[in-house]
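Engineer: Handing you this structure, nothing more for now.
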């Protein structure tokens, strides 16, 4: 019986080009990367069932607010803070803050399970930290381990976050694929803008005024019927 050779762990090189950074981040933040993002709607399912989101225009406005004033901006700040941590103690402090700003039990579940899955996968392949971390904290930590550009990481993370919400709406509203992609394309400049605006921020800059999104996430805990975990 011929045994297959083990797949070697990919270690972080001393320097990588921006093009290499993009390809690694594209893999990490792809729907194919096994973090289970497809199972979460971030409270969007509640808004769809209530009728608050019924069109592509409704979806674009909702996701724009979440990115600008809620979880999107906060996740970006948390990612940057994790990227800059110089000790495990500091990283744990960022992670505890990420849990504290999660507005509902399902938000906590969403960020923990995705973050744990992400950390386990990147640790197995790239040798990064396997600690149980919230999703944006895990991405920021792994990005620092791989010496990836933090601004690029933040922008692509936001785009992946928006993409997942759009995908959920395409399935649940339902919206056509063309409308969904049109909404996502319209959100690209906003993702870039938020990534740039969060440069130099600290945990003290965390805030949220996306109240409808937070309330929808809380109401989703008892929503029936439902197809998403959050």
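Read the figures in this text as sums done on the coordinates, not as results from a lab. As the structure is a computational prediction, the values presented were derived from the model and not from experiment. Using ideal geometry, Cβ is built from the backbone for each residue, glycine included, and neighbour counts are taken over all protein chains shown.
Engineer: By how many degrees, 0 to 90 and rounded to 10, does the Cα axis of helix 18-28 deviate from the longest principal axis of the chain?
Structural biologist: Result, in degrees: 60.
Engineer: Relative to the longest principal Cα axis of the chain, at what angle does helix 150-172 sit, 0 to 90 degrees, rounded to 10?
Structural biologist: Computed tilt is about 40 degrees.
Engineer: Follow-up question, since we're still on this one. Given springs between every Cα pair under 10 Å in a Gaussian network model of the chain, which of 187, 59, 23 has the largest fluctuation?
Structural biologist: 23
Engineer: Can I ask one more? Expressed as an acute angle from 0 to 90° and rounded to the nearest 10, what is the orientation of the C-alpha long axis of helix 105-126 relative to the principal long axis of the chain?
Structural biologist: So the helix axis and the longest Cα principal axis differ by about 30 degrees.
Engineer: Continuing with the same structure: By how many nm would the segment from residue 199 to residue 100 grow when fully extended, if each residue of separation counts as 0.36 nm and the alpha-carbon distance is taken off?
Structural biologist: Using 0.36 nm per residue and subtracting the Cα-Cα distance, I get 33.4 nm.
Engineer: Pick from 50, 102, 41: which is most flexible by mean-square fluctuation in a GNM of the chain where alpha carbon atoms under 10 Å apart are linked?
Structural biologist: Judging by the Gaussian network model, the answer is 50.
Engineer: What FRET efficiency comes out for residue 192 versus residue 222 if R0 is 30 angstrom and r is the Cβ-Cβ distance? Round to the nearest 0.05.
Structural biologist: 0.25
Engineer: Which number comes out as Rg/Rh for the chain once both Rg and the Kirkwood Rh are worked out on C-alpha atoms?
Structural biologist: 0.98
Engineer: For a protection proxy built on the mean count of beta-carbon atoms within 10 angstrom, sort 108-120, 217-229 highest first, please.
Structural biologist: 108-120, 217-229
Engineer: Right, another one. Identify which of 168, 54, 81 has the largest mean-square fluctuation in a Gaussian network model of the chain, with springs joining Cα atoms closer than 10 Å.
Structural biologist: Between 168, 54, 81, it is 54 that shows the largest mean-square fluctuation.
Engineer: Can I ask one more? First measure r as the distance between the Cβ atoms of residue 39 and residue 92, then evaluate 1/(1 + (r/R0)^6) with R0 = 30 Å and state the FRET efficiency to the nearest 0.05. Intermediate values should be presented prior to the final figure.
Structural biologist: Numbers: r = 27 Å, r/R0 = 0.89.
So, using R0 = 30 Å, E works out to roughly 0.65.
Engineer: For 60, 92, what's the fewest-to-most ordering of other Cβ within 10 Å of each Cβ?
Structural biologist: 92, 60
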